[in-house]
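Chemist: Got a structure here, written out as structure tokens. Questions coming.
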Amino acid sequence: MEEKIFAGLNPNQVAAVKVLAGPVLILAGAGSGKTKTLTHRIAHLIANGATPREILAVTFTNKAAKEMGGRIEKLLGPGNQPHVGTFHATCVRILRDDVEKLENGLTKNFVIFDSDDAKNLVKIILKDFGFDEKEVKHRAVAGMISSLKNQLETPISFRENVPRGKTPEAVARVFPEYQKRLVAHNALDFDDLLQKTVELFESAPDVLKKYRNRWNHLLVDEYQDTNFAQYRIVRLLSDEHKNLCVIGDDHQSIYKFRGADFTNILNFEKDFPKAAVIKLEQNYRSTGNILKNANALISFNETGRAKKLWTENESGEKLKIAEVWNEREEGNFIAEKIREKFDDGEKFGDCAILYRMNAQSRAIEEALMRRQIPYQIVGGTRFFDRKEIKDVVGYLRLIFNPRDDLSFLRVVNVPTRKLGKATIDTVKNFAKNYSVSMFEVLENSDELPLPDAKKEVLKNFHDLILNLRKIAASEPISILLDRLIEKTKFLKSLDDGSAEGESRQENVRELFSVAGRYDAAENPLAAFLEGVALISDLDQMENSDSVTLMTIHASKGLEFPHVFLPGWEDGIFPGHSSQFSFDDLEEERRLGYVAITRSEKTCTILHARQRMMFGQTQQNPSSKFLEELCAESCDRERSQKPGKSFEPKSREALEPFSDEVADFSQIAAVNQKPKSRSEAIWGISENETNLKIADRIRHANFGEGTVIQVDGDVLSVAFAGIGVKKIVASVAPIEKI
């Protein structure tokens, strides 16, 4: 068995795997086989007497947890799975069993509020307290509360030392009420999952002892990304047996804005003086020239542990630095290079475009659309963030937890039951006066001062939820979902005869595919709701052959054969604010290091002489980071004259495109194949449309609409009953009316 476990590992990985007890710090550079090392270490522990039940492995993404679990099963066979999961999923498991020991009113069937739910609740409280949204932004208040929780601050501790300012002063008032209402809703937000677990461990020694005894070996992935709450959970679980193995790379610490503290990994040897420390510096992902540039860039950081990546891979192509005139030419350059790679036999899915901020994607998307290159945006509107999906999930949450007033308010009039604001306010006031949930008010709807017709509607809604609760108690989630959609006539309510309505129906039907994964769970509805709440953007990445667009922050942990990095100009990357902070500039440099090390074969960095951002034209110098790269491992390229576009070399080169190649479901603006594809793609990269703001148009799928914005060839059009759509005028099926 050991021969199988050690097969394919380098000497440093073997050393990391072999340590069976005590604290271990593994400093793992980018692409150095971190997941493989952790997986083989778990297998080695089990092969040497540890039971799977004794092992807890904590990751930061569901994707990483799933990958690790699959590798463990491949090594040891089925039935040898330890608990592998994210911090939040692990805390949900703990709290489902023992949250009632906190004695604060929460029960085991609590629901999890996502970030939108949290912001909405804060918005309601601010309004109730009479705050002006123009002066105190609910997003800022919610963000500060989240940060405080990650630092294990409570409403009481924060009020002892409130900083000056309208937002902190609002937080001091809102924070305690926010926590009170979460309990009233029997809900926890994401940050509570961590904070309440710490509170449970510290206030209930018997609970902490139970989990310490259960998990005799603790492994933590991406330790540099832990915040204070996560750090406390790790210490509380491991301080007695000290069988703690953490792995990470301080050079890839890029989540300070989320509360991550990379000093946790730097201080590991202070926390555990007898820790074994092992470095993994051999990179298996990238070519030599890519690594030379990554090493050169990160060497300018003064903080962190010295590591120098090396590889046995070939040197490969030099890193390319391209200077372009503006953001439109930048998009054209990238799109054409991707087209060339496709012509050379590469897949669109081999290419990724990683930017510093989401606003940079606009010009790139336009260029990809013009060439009908399929793409997916990671971090855009998630499947579970679409209104129709949130409505169905709102029903399921209310069925699971009738105290969830936010879900009640979301679905009580969906599909429409003709309940106006006055009716809802009456229910809300009764709930407040009698300290019960809004759903509980409906148990005695006859007592409400409402017309009989409204009382009947509310009673029917109450009976509907009760009937669905009975189904949930005995049937799989798929059956519950089917009955819910049938009884509410939900699909019919989405049928407005438009393409958009049909798409919304398809989204709801797609929920059955998701629900089926949870049918075999012990509590299918609880498992489904947890899965939905804890899903991340990366979990929804598609495996289709399409170019991936995402922020650099979202890309960590991923790899692509060909990576394009636009916008490397001072003021964008690094950003303006980081120029005046040593710590922030170092974090930006780490972000650049992460960006470059996502590349396997080629990496292209672009910077523009001028760029339109947020309605203003900027002329920023190229990023200072470009001067910190390895000059001998870079090739530079620049435009010959302003406005020159990187266009296809020949019309014939466009012909390999086919309907099967392009996944047009990912390209929202292209809704119908043009009459002549070559004619439509050729030469339109800089076209201007003859349409103007306020013009009326007719679209083949969306109907009649009004142009509300014109940006070159791209129109923003408001369609009645559908909303605003962006379309490319030269290829979309439209006519002026």
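Chemist: Taking the options G575, G567, name whichever one is open to solvent by less than 40 Å² (accessible area, probe 1.4 Å), under 23 Å from the mean Cα position of the chain (by Cα), more than 25 Å from V547 (Cα to Cα) and not hydroxyl-bearing (S, T, Y).
Modeler: G575
Chemist: Here is a further query. Just to be sure I understand, how many residues within the stretch 412-428 are open to solvent by less than 20 Å² (accessible area, probe 1.4 Å) and either among the β-branched types (V, I, T) or at positive phi (or both)?
Modeler: Residues meeting the conditions: 3.
Chemist: Moving on. Give the stretch 164-189 a look and list any residue that's surrounded by fewer than 20 Cβ atoms within 10 Å (Cβ to Cβ) and either of a type in the set (V, I, T) or in contact (Cβ under 8 Å) with a residue 60 or more places away in the chain (or both), or say none.
Modeler: Residues satisfying the conditions are T167, R181, V183, A184.
Chemist: Out of the residues in the stretch 18-65 that are over 27 Å from T263 (Cβ atoms) and of a type in the set (G, A, S), state the one that is surrounded by the fewest Cβ atoms within 10 Å (Cβ to Cβ).
Modeler: The qualifying residue surrounded by the fewest Cβ atoms within 10 Å (Cβ to Cβ) is G49.
Chemist: With free of Cβ contacts under 8 Å to residues at least 24 places away in the same chain, open to solvent by 30 Å² or more (accessible area, probe 1.4 Å) and among the aliphatic types (A, V, I, L, M) as the only criterion, which of L448, L466, L409, L442 stands out?
Modeler: Testing whether each residue is free of Cβ contacts under 8 Å to residues at least 24 places away in the same chain, open to solvent by 30 Å² or more (accessible area, probe 1.4 Å) and among the aliphatic types (A, V, I, L, M) leaves just L466.
Chemist: Taking the criterion of being outside any loop (DSSP other than H, G, I, E, B), without any contact (Cβ under 8 Å) to a residue 12 or more places away in the chain and open to solvent by 20 Å² or more (accessible area, probe 1.4 Å), would at least one residue in the stretch 242-257 satisfy it?
Modeler: yes
Chemist: Output the qualifying pairs, or none if there are none: Cβ atoms under 8 angstrom, residues six or more apart or on different chains, first residue in the stretch 138-158 and of a type in the set (F, W, Y), second residue open to solvent by less than 50 Å² (accessible area, probe 1.4 Å).
Modeler: F158/L148; F158/V171; F158/A172; F158/F175
Chemist: While we're looking at this one, here's another question. Scan the helices (runs of 4 or more DSSP H) fully inside the stretch 1-119 and keep the ones with 2 or more residues being more than 30 Å from E269 (Cβ to Cβ) and in contact with a strand residue (DSSP E or B) (Cβ under 9 Å, 6 or more places away or on another chain).
Modeler: Filter on the stretch 1-119 gives 62-76, 87-98.
Chemist: Related question: Is it the case that some residue within the stretch 378-395 is in a helix (DSSP H, G or I) and more than 24 Å from the chain's Cα centre (by Cα)?
Modeler: Looking for residues that are in a helix (DSSP H, G or I) and more than 24 Å from the chain's Cα centre (by Cα), one finds none in the stretch 378-395, hence no.
Chemist: Looking at (1) open to solvent by 20 Å² or more (accessible area, probe 1.4 Å); (2) among the hydrophobic types (A, V, I, L, M, F, W, C); (3) closer than 21 Å to G29 by Cα, can you tell me which one A359 breaks?
Modeler: Every condition holds for A359 apart from (3).
Chemist: If you don't mind, another one. Would you pick out the residues in the stretch 603-617 that are aliphatic (A, V, I, L, M) and either open to solvent by 10 Å² or more (accessible area, probe 1.4 Å) or more than 30 Å from G316 (Cα to Cα) (or both)?
Modeler: Scanning the stretch 603-617 gives M612, M613.
Chemist: Output the residues belonging to the stretch 551-564 that are part of a loop (DSSP other than H, G, I, E, B) and open to solvent by less than 30 Å² (accessible area, probe 1.4 Å).
Modeler: Listed by number, the residues that qualify are K556, L558.
Chemist: Could you tell me which residue of the stretch 274-291 is farthest from P23 (Cα to Cα), considering only residues that are over 30 Å from the mean Cα position of the chain (by Cα) and either open to solvent by less than 50 Å² (accessible area, probe 1.4 Å) or modelled with pLDDT of 95 or more (or both)?
Modeler: N289
The values are calculated or read from the model by the stated rules, or taken from the named source; none is laboratory data. Values in this document were obtained by computation on a predicted structure and should not be read as measured data. Note that each Cβ is placed from the backbone with ideal geometry, even for glycine, and that neighbours are counted across all protein chains shown. The accessibility values were calculated without ligands, DNA or RNA, using every heavy atom of the protein model including side chains. Shrake-Rupley method; radii C 1.70, N 1.55, O 1.52, S 1.80 Å.
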